[in-house]
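One structure is given below, encoded as structure tokens.
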Amino acid sequence: MSEYQSSELYQARIVALAKSKTGAGKLASPTKSARRDNPLCGDRVTIDVTLDNGKIAEIAHQVRGCLLCQASAAALAKTAVGRDASGIAELRHDAERAIGREAGKAHEPFDAFEPVASHKSRHECVLLPFEALKDALS
Amino acid sequence: MTFDIAKVRRQFPILSEIIDGRPVHYLDNGASAQTPLAVIDAVRSYETTSRANVLRGVHRLAERATELYENARADVARFLGVEPMEIVFTGGCTAAINLVAYSYGPLLKRGDRVLISELEHHSNIVPWQLLRQRSGIELDMLPVTTDGQIDLGALSKMLTSETRLISLAHVSNVTGALLDVRKVVEAAKAVGAKVMLDGAQRAPHGPLDLKALGVDFYVFAGHKAYGPNGIGVLWARPELLDAMPPFHGGGSMIGRVTLAETTWAPPPRRFEAGTPPIGPAIGLGAACNWMAALDWTATHEHEMGLVQRVLDGLQKIDGTQILGPASLQNRYPVVSFLLDGVHPHDVAQTLDSFGVAVRAGHHCAQPLMDRFDLDGTTRVSIAPYNDNSDIDVLLTGVRHAATTLR
Ligand SMILES: Cc1ncc(COP(=O)(O)O)c(C=O)c1O
């Protein structure tokens, strides 16, 4: 069918990240947690962390939101353990590079978000988990 | 008369746009409808042959502009079945509701009650919350039934002798549910309350007879009714407009200004301070005439046939759920649905890659989303120019989202 065209945004790696549900859920006794809402689209992310000497020992997230937000939270959960606030800021630069807000090439796993670059209205979906984690760490 | 879809579509140039190799399947009419040549021509004609300010000049262009502006008021009045001097032009539907809250609000006193519903658009909730803060009125909310209609069964319980105003959506922008206005007006009369209808989603589907409806205030937006942006309408009974103080102060709305005191112009000018949106008003007049020229029995049948096609098609896709009346009874052509396991934004984004424009999210109706414990829905909203192919590509896109995203 000619109108049956694949969606450019939902590439296999983004879908796989979201479906991996890495880190999805709650921590039994988090050191800190924070919730962030995106008032424009209604996405909501809650992040729990336990900290060891300022570094993330465990991380979990609950996402009430779209696939991009879920995928981003999963990518963050894959990479956050062992990092402190500045280490997380580095990951965020990677995400910003993937969506074209910063120059340079993003690394795995955030390079999966490169297809989002041309969809400006969806950038916040990728960044919302970072915002929640920043709040949790501050 | 019958409904000639090809003829209707020809009047909307945007429908023949090709974007990224795909035709436009525009099913986001509830957010903003497209505009026909008749409207574009009317605005262009004003801008190129009659542009001037209104009411203030003696020169010929000013006279032409004033005449076109007042003709537009008459066109809108005819569309609503009321008198021109009862029509107030505003900046939009939200602006019209705020005008009522600010100008009718002062006639209410502490302890008076305003009744709205759980399915209202934020623009029919927040102005009343602000009024509550300003003047201590109480706000009540009618509940919503499981199929997304305002539960009028609760009316008798929620109406009190302190209820002064009932303000409800004529058609829900989320569920498409059509309000049983007669029931509301009867119940309101029994306690002496006024009735305001938010007609944002009703006005785009044909002329109205507000006198027969028996309501007291009616508001709608130009851009959802095939008109320009930046224009909206408030209609109110003349005795209400007469009693209401102005909201905005400025030029055009005064009788006489001295330092000590200013007297107000009579309605509608009392409520149109400053230079009004002249071109948009003229465009809206043309849009009302364009709508009035359609055969609405046939047009409504066409629109509701498309709704049936959406409902039938969605039902065949595993894990879909309609938020709203399941049949064509009591509804207008707005359909909200859920696709199990796929977020509405991802459904809408997938549809965009098929060239289908729909809206996803909370639709500025968060209390309704809370009522159903939802983050949002995907909403299909239909206009006379939509056709079977729009719906068929929509359904193909939803099937694609269902197979790839879950
Ligand atoms: C039912 C309803 N009321 C009010 C509005 C507000 O209209 P506007 O944003 O044009 O002022 C809308 C628009 O979405 C609506 O659907």
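The values are calculated or read from the model by the stated rules, or taken from the named source; none is laboratory data. Just so we're clear, the structure is a prediction, and the values are computed from it rather than from any experiment. Cβ atoms come from the backbone with ideal geometry, glycine included; neighbour counts cover every protein chain shown. Surface accessibility is based on the protein's heavy atoms, side chains included, excluding ligands, DNA and RNA. Shrake-Rupley method; radii C 1.70, N 1.55, O 1.52, S 1.80 Å.
General remarks:
- When the convex hull of its Cα atoms is projected in every direction, mean area for chain A (nm²): 8.7 nm²
- Report summary: the helix-based calculation at 222 nm, which adds -39500 (n - 2.57) for every DSSP H run with n ≥ 4 and divides by the residues of the protein assembly as shown, gives -11500 deg cm²/dmol.
- Considering only A:Glu114, A:Glu124, A:Glu90, the mean-square fluctuation computed in a Gaussian network model of chain A, springs between alpha carbons under 10 angstrom, is largest for A:Glu90.
- Counting lysine pairs in the range A:10-138 whose alpha carbons fall under 16 angstrom apart, excluding pairs fewer than 8 residues apart on the same chain, gives 7.
- Cut-off under 5 Å, modelled amide H: who pairs with B:Leu142 long-range: B:Ile116, B:Ser117, B:Glu118
- Here the range A:12-137 is treated with +1 on each Lys and Arg Cβ and -1 on each Asp and Glu Cβ, and its dipole about the Cα centre works out to around 300 debye.
- Remark on the range B:367-406: accessible area falls by at least 50 square angstrom from chain-alone to full-complex state for B:Asp375, B:Thr396, B:His400, B:Leu405, probe 1.4 angstrom.
- Three-way shape call for chain B based on the alpha-carbon gyration tensor, with the a/c threshold at 1.5: oblate
- For the pair A:His93 and B:Asp370, a Förster radius of 41 Å applied to the C-beta separation gives a FRET efficiency near 0.65, rounded to the nearest 0.05.
- Beta bridges per DSSP, both residues in the range B:149-245: antiparallel share near 45 percent.
- Positive-end extreme of charge dipole, the range B:40-292 - chosen from B:Pro127, B:Asn53, B:Leu208 (charges on Cβ): B:Asn53
- Shielding by partners - mean other protein chain Cβ count within 10 Å, residues of A:67-80: 1
- Sparse-neighbour loop sites [trypsin sites (Lys or Arg not before Pro); the range B:110-141; at most 15 other C-beta within 10 Å; DSSP]: B:Arg110
- On a per residue basis, chain A carries 48 Å² of accessible surface, using protein heavy atoms and a 1.4 Å probe.
- Set of aspartates and glutamates near B:Lys183 by C-alpha distance (under 14 Å), chain-local residues within fewer than 8 positions excluded: B:Asp151
- Average accessible surface for the range B:205-266: 43 Å² per residue, computed with a 1.4 Å probe over protein heavy atoms with every protein chain in place.
- Charge dipole magnitude, Cβ of K and R +1, D and E -1 - chain B, Cα centre, debye nearest 20: 880 debye
- Using the Cβ-Cβ distance between B:Lys211 and A:Asp84 with R0 set to 51 Å, the FRET efficiency from 1/(1 + (r/R0)^6) comes to roughly 0.15.
- Given charges at Cβ of Lys, Arg, Asp, Glu: the protein assembly as shown dipole, positive-most of A:Ala18, B:Asn29, A:Val45: A:Val45
- Length added when fully stretched, B:Ser16-B:Arg406, from 0.36 nm per residue minus Cα-Cα: 137.1 nm
- Interface of A with B. Using a 1.4 Å probe and counting protein heavy atoms only, the two chains hide about 1800 Å² of accessible surface, both sides summed.
- Solution diffusion estimate, µm²/s, Stokes-Einstein, the protein assembly as shown, Kirkwood Rh from C-alpha pairs, 4 °C, viscosity 1.567 mPa s: 51 µm²/s
- Sparse packing (at most 12 other Cβ atoms within 10 Å of the Cβ) combined with a DSSP loop state is found for the following GluC sites (Glu not before Pro) in the range B:1-103: B:Glu17.
- Span from the the range B:328-406 Cα centroid across to the the range B:46-72 one, whole angstrom: 43 Å
- Among B:Glu261, B:Glu186, B:Glu138: highest mean-square fluctuation, GNM of chain B, C-alpha pairs under 10 Å: B:Glu261
- Summed over the residues of the range B:269-404 and divided among them, the accessible surface reaches 32 Å² per residue at a probe radius of 1.4 Å.
- Full-extension gain in nm, B:Leu259 to B:Ile5, via 0.36 nm per residue minus C-alpha separation: 85.5 nm
- Mean Cβ neighbour count within 10 Å, used as a protection proxy, ranking A:101-110, A:9-18 highest first: A:9-18, A:101-110
- Per-pair calculated FRET efficiency, R0 = 60 Å: B:Glu63 and A:Glu108 via Cβ, rounded to 0.05: 0.30
- Carbon + sulfur, % of accessible area of the protein assembly as shown - ligands and nucleic acids excluded, 1.4 Å: 51 percent
- GNM top mover of B:Leu159, B:Leu61, B:Leu311 - chain B, alpha-carbon springs below 10 Å: B:Leu61
- Dipole magnitude for the range B:247-406: about 460 debye, using +1 per Lys or Arg Cβ and -1 per Asp or Glu Cβ, origin at the Cα centre.
- Phi angles of the range B:302-311 translate, via the Karplus equation with coefficients 6.51, -1.76, 1.60 and θ = phi - 60°, into HN-Hα couplings of 4, 4, 6, x, 5, 4, 4, 4, 5, 4 Hz per residue; Gly and Pro are given as x.
- Filtered trypsin sites (Lys or Arg not before Pro), the range B:296-372: DSSP coil and at most 13 other beta carbons within 10 Å: B:Lys316
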